[in-house]
Amino acid sequence: MDSVVVTTRRQEENLQDVPISITALGDDDLLEKSIGDFDDVAAYTPGLSFRDFVTGFNGVATMRGLSQANVQDAVGNVGTFVDGIYLQRGYMVNFSLADIERIEVVKGPQSALYGQNTFSGAINLVTKKPTDEWRLNGSATIGDYGRKEVQIGVGGPIIEDVLGVRAFVANSAYGGTIENNYPGIDGDDFDRFGGYDRTAYSGNVEFTPTDYLTFTASYQKLERSEEQRAYYRASGSSPEWALNAGEPNAYGTGNWYEGTLPTNPNELLSGANPDRPSGLFSVPQPEMISDSEIIRLGAEWDINDAFSLSYTYGDASGEAQENFTFPQNSYNPLEGGNIAQQKEGGVLDFSSHELRLVYDEGGRFNGEVGYYRSEASDEFLFGLRFIAPGTPLFLLSDDPMSSDGLSLPFNIRANEYETEAIFARADIAFLDGRANLSLEGRYTITDVKVRDILARDRAEDAGLDPDVEAPDLSDQWKDFTPRVSLSYNLTPDNMLYGSFAKGVKSGGFNGYVTGTVPLEEDEQTYPPESNWTYEVGIKNQLLNNRLTLNAAVFYTEWIDQQISVVPVNYEDVIGDSTAVPGIWDSVGDATAIGIELESSYMPTDYLSVYGNLSYTKTEYGEGSSNPAYGDVAGEEIPGTPPLSISVGAQYQRPVYQDYEGFAGIDVNYDSKMWLDPLNTIDIEARTLVNARLGVEKGPYKAFVFVKNLTDEYYIDGAFLVPSNYSISPSFGEGRTVGLTVAYDF
């Protein structure tokens, strides 16, 4: 099998030589397995899960069970990068049409070299660069449910060995598989859930005026319009629902639920609304839209045979908004209830500078030192609008941060981040080069300032001075994040390694108010959280390079976990629908222990098989509590399946003259997943099967693919709001069939 080259440590290395647990997916994997989103990547990556809930606004990646409680946080537990440029917001994390060469999923804390909140891992998207010869590549896909996709890339030398360019454009449209049962829907009005329209553009330039100096520049733009995923919303505060747990509500049923969430919401209905449509439905409403741009400028100077100096500038900007209408009142409302419509909006402008001096003369010692600086302006809005039945729904505005029409804004904040860091790495080889000690470290200073626009607006409405009543809040955090790893080559093809590393996620602010609740001074900010991760692993190439077998065992101590807490001025933990507890504090501890296995094998020249597995056991520590659930010590952290397995095979051989045929199948399994900290609500395990059958000749390839071959109907996640007794499960896509034609010459 071919070796896989990765740039996980900011240098080209064989994946099998890097003492870190890494999963790499190349462009052939992305094409043939029809990998289009991070949930597809997670299916093939041990230890990774991804959820973007109903609207796709808050995409959240979870590594090794360390799921974050606050999905609206400006930063996540897993850092996502495009060619080393950090993407801070979940609505920017979508690579479906990027010009991707390779995806590298790096597990465990990567704060030492990556920084930027790689608390439990990092995902690095590596884009295609200009080539030495002119190449044209692309693909076209058609399929059921309105699937149409076209990708075209072209690049090569303008001046040989001096100036190279590459350009890429793509568009993808899809209608969704799950029917919307809202009465009167037609083909133009949201008749199915989960449809989208995405467009991407990118360009790369590489300029090498001398043998020692290289300049690079790239630009990427992604526009997304996403219909909400299939979902239902059960609520113990509505007479339509008869839930099975919690205190009896005004309608004589439970106000909460325990057990496995059913895929059919009719199992939870009270029968109070006989006119309610069966199954899943939603009133037609606006889509989630986002627009993201990434600019990268780089320069590298090979000073001599040992030293090189590089500089990288990055700019990532984006904006997004979604309006989500809760469905329990969206058809034939009971008791004249109002319709609740949620708005989330965000605007981000991020820039970074990185300077690195690298030493490597091919001897026993190599290393680097560097300086990093970034600035980010991150605005976020979240609130509700209550309207009477028959009132036109909220439409998307020109300004994602506009609060016009909101009945109850919860958070409207403008955050400013300034980060400075120095970092270093040293690799020392000994025992005749068979052993290597790697020392990494980063010292980071993070300054954060927040303007609570909601509190300032309320002060102005009351005739008060906002600079006195709600001045900007600020704080500074300083952290040192080391990483130490030791590797030993038992043979040239078998490496044993061990490491320990610290991960840090920066603190933040709750502001002056949340909803209608004023916050005390010590509640207005919360400190960083951290973890120590210990890992032992082995990487093997066996049977004359036909078998790759890698394994890693890890243990993580999660310290000062950022969890939701009750504001002092909030009188009722559950039951007040006008003031949801929405503040955070770093007060919990937890642990995670797990194992990851990755293997691939070619028993013949025509057949290749693989098998991946991850198992993670998480547990809240003593004293951990949650305002809506109470003491959760000893329970598992919700939000990610403890056990994931993926296996597959591909058979490929000549079938006629220069034509080669191929057939492949992949099976991905996720175990039962807890949804709440008390481990009383879960979604059942699911198994998805994907397959493909095709032919290729030289640069041409054509294949038919099927995703979710068995048409499994499953819930892939849920969003719980216990303060108003609501549970919103979202569904994965059903079976889809398509034809892809690709070329590369």
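The values are calculated or read from the model by the stated rules, or taken from the named source; none is laboratory data. Here the structure is a predicted model, which means the values were calculated and not measured. Every residue, glycine as well, gets a Cβ built from its backbone with ideal geometry; the counts of neighbours run over all protein chains shown.
Tabulated data for the structure shown
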{"quantity": "Filtered residues of the stretch 475-489 (kept if more than 26 Å from residue 436 (Cα to Cα) and touching a Phe, Trp or Tyr at 6+ places or on another chain (Cβ under 9 Å))", "calculated": "475, 478, 479"}
{"quantity": "Test: residue 307 is over 22 Å from residue 351 (Cα atoms) and in contact with a Pro (Cβ under 8 Å, 6 or more places away or on another chain)", "calculated": "no"}
{"quantity": "Members of the stretch 356-408 that are of a type in the set (D, E, K, R) and touching a strand residue (DSSP E or B) at 6+ places or on another chain (Cβ under 9 Å)", "calculated": "356, 360, 361, 364, 368, 373, 375, 378, 379, 385, 399"}
{"quantity": "Members of the stretch 119-129 found to be more than 21 Å from residue 37 (Cβ to Cβ) and crowded, with 22+ Cβ neighbours inside 10 Å, listed by number", "calculated": "119"}
{"quantity": "Failed item in (1) of a type outside the set (Val, Ile, Thr); (2) farther than 27 Å from residue 138 by Cα; (3) not in a strand (DSSP E or B), with residue 209 passing the rest", "calculated": "(3)"}
{"quantity": "Positions within the stretch 699-745 being small (Gly, Ala, Ser), surrounded by 17 or more Cβ atoms within 10 Å (Cβ to Cβ), modelled with pLDDT of 95 or more and not in a loop (DSSP other than H, G, I, E, B), in sequence order", "calculated": "738, 742"}
{"quantity": "Scan of the stretch 8-24 for residues that are at pLDDT below 80 and crowded, with 17+ Cβ neighbours inside 10 Å, ordered by number", "calculated": "8, 9, 10"}
{"quantity": "Any hit, the stretch 452-460, residues being of a type outside the set (Phe, Trp, Tyr) and loosely packed, with under 15 Cβ neighbours inside 10 Å", "calculated": "yes"}
{"quantity": "Odd one out for residue 480, checked against (1) within 13 Å of residue 509 (Cβ to Cβ); (2) in contact (Cβ under 8 Å) with a residue 24 or more places away in the chain", "calculated": "(1)"}
{"quantity": "Only listed residue being surrounded by 21 or more Cβ atoms within 10 Å (Cβ to Cβ) and not basic (Lys, Arg), chosen from 270, 290, 310", "calculated": "290"}
{"quantity": "Residue match in the stretch 296-304 (condition: touching a residue at least 60 places away in the same chain (Cβ under 8 Å), assigned to a strand (DSSP E or B) and within 23 Å of the chain's Cα centre (by Cα))", "calculated": "yes"}
{"quantity": "Given (1) at positive phi; (2) assigned to a strand (DSSP E or B); (3) touching a residue at least 40 places away in the same chain (Cβ under 8 Å), index of the condition residue 541 fails", "calculated": "(1)"}
{"quantity": "Flag for residue 376 being in contact (Cβ under 8 Å) with a residue 40 or more places away in the chain, part of a strand (DSSP E or B), surrounded by 15 or more Cβ atoms within 10 Å (Cβ to Cβ) and over 24 Å from the mean Cα position of the chain (by Cα)", "calculated": "no"}
{"quantity": "Filter pass, residue 115 being surrounded by 20 or more Cβ atoms within 10 Å (Cβ to Cβ) and touching a residue at least 60 places away in the same chain (Cβ under 8 Å)", "calculated": "yes"}
{"quantity": "Criterion (surrounded by 22 or more Cβ atoms within 10 Å (Cβ to Cβ), modelled with pLDDT under 95, assigned to a strand (DSSP E or B) and of a type outside the set (D, E, K, R)) met by exactly one of 563, 559", "calculated": "563"}
{"quantity": "The stretch 379-426, residues that are β-branched (Val, Ile, Thr), within 30 Å of residue 473 (Cα to Cα) and surrounded by 15 or more Cβ atoms within 10 Å (Cβ to Cβ)", "calculated": "412, 419"}
{"quantity": "Subset tally (residues that are in a strand (DSSP E or B) and surrounded by 20 or more Cβ atoms within 10 Å (Cβ to Cβ)) for the stretch 25-60", "calculated": "5"}
{"quantity": "Counted residues, the stretch 598-614 - those being in contact (Cβ under 8 Å) with a residue 40 or more places away in the chain and either of a type in the set (A, V, I, L, M) or in a strand (DSSP E or B) (or both)", "calculated": "11"}
{"quantity": "Lone qualifier among 273, 244, 266 - being in a loop (DSSP other than H, G, I, E, B), of a type outside the set (D, E, K, R) and more than 25 Å from residue 56 (Cβ to Cβ)", "calculated": "273"}
{"quantity": "Evaluation of residue 672 against (1) within 24 Å of the chain's Cα centre (by Cα); (2) closer than 22 Å to residue 257 by Cα; (3) at pLDDT below 95 (one fails), failing number", "calculated": "(3)"}
{"quantity": "Matching residues, the stretch 69-86, being hydrophobic (A, V, I, L, M, F, W, C) and under 15 Å from residue 119 (Cβ atoms)", "calculated": "69, 71, 74, 75, 78, 81"}
{"quantity": "Failed item in (1) part of a strand (DSSP E or B); (2) modelled with pLDDT under 95; (3) aliphatic (A, V, I, L, M); (4) under 30 Å from residue 259 (Cα atoms), with residue 667 passing the rest", "calculated": "(2)"}
{"quantity": "Residue in the stretch 459-468 that is in contact (Cβ under 8 Å) with a residue 24 or more places away in the chain and either out of contact with any Leu (no Cβ under 8 Å at 6 or more places or on another chain) or in a strand (DSSP E or B) (or both) present", "calculated": "no"}
{"quantity": "Yes/no for residue 628 being under 24 Å from residue 76 (Cα atoms), in contact with a helix residue (DSSP H, G or I) (Cβ under 8 Å, 6 or more places away or on another chain) and assigned to a loop (DSSP other than H, G, I, E, B)", "calculated": "yes"}
{"quantity": "Lone unmet requirement of (1) touching a Gly at 6+ places or on another chain (Cβ under 6 Å); (2) over 24 Å from residue 724 (Cα atoms) for residue 624", "calculated": "(2)"}
{"quantity": "Cβ-Cβ under 7 Å pairs, at least 6 apart or on other chains, the stretch 26-54 side within 15 Å of residue 172 (Cβ to Cβ), far side hydroxyl-bearing (Ser, Thr, Tyr) and not in a helix (DSSP H, G or I)", "calculated": "31/139; 36/96; 37/96"}
{"quantity": "The stretch 69-84: number of residues that are buried (at least 24 other Cβ atoms within 10 Å of the Cβ) and at pLDDT 85 or above", "calculated": "5"}
{"quantity": "Members of the stretch 140-195 that are part of a strand (DSSP E or B), aromatic (Phe, Trp, Tyr) and touching a residue at least 40 places away in the same chain (Cβ under 8 Å)", "calculated": "168"}
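Matching residues to (1) under 30 Å from residue 165 (Cα atoms); (2) touching a helix residue (DSSP H, G or I) at 6+ places or on another chain (Cβ under 8 Å); (3) without any contact (Cβ under 8 Å) to a residue 60 or more places away in the chain; (4) among the small types (Gly, Ala, Ser):
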| site | (1), (2), (3), (4) |
| --- | --- |
| 236 | no, no, no, yes |
| 239 | no, yes, no, no |
| 249 | no, no, no, no |
| 255 | no, no, no, no |
| 258 | no, no, no, no |
| 264 | no, no, yes, no |
| 269 | no, no, yes, no |
| 290 | yes, yes, no, yes |
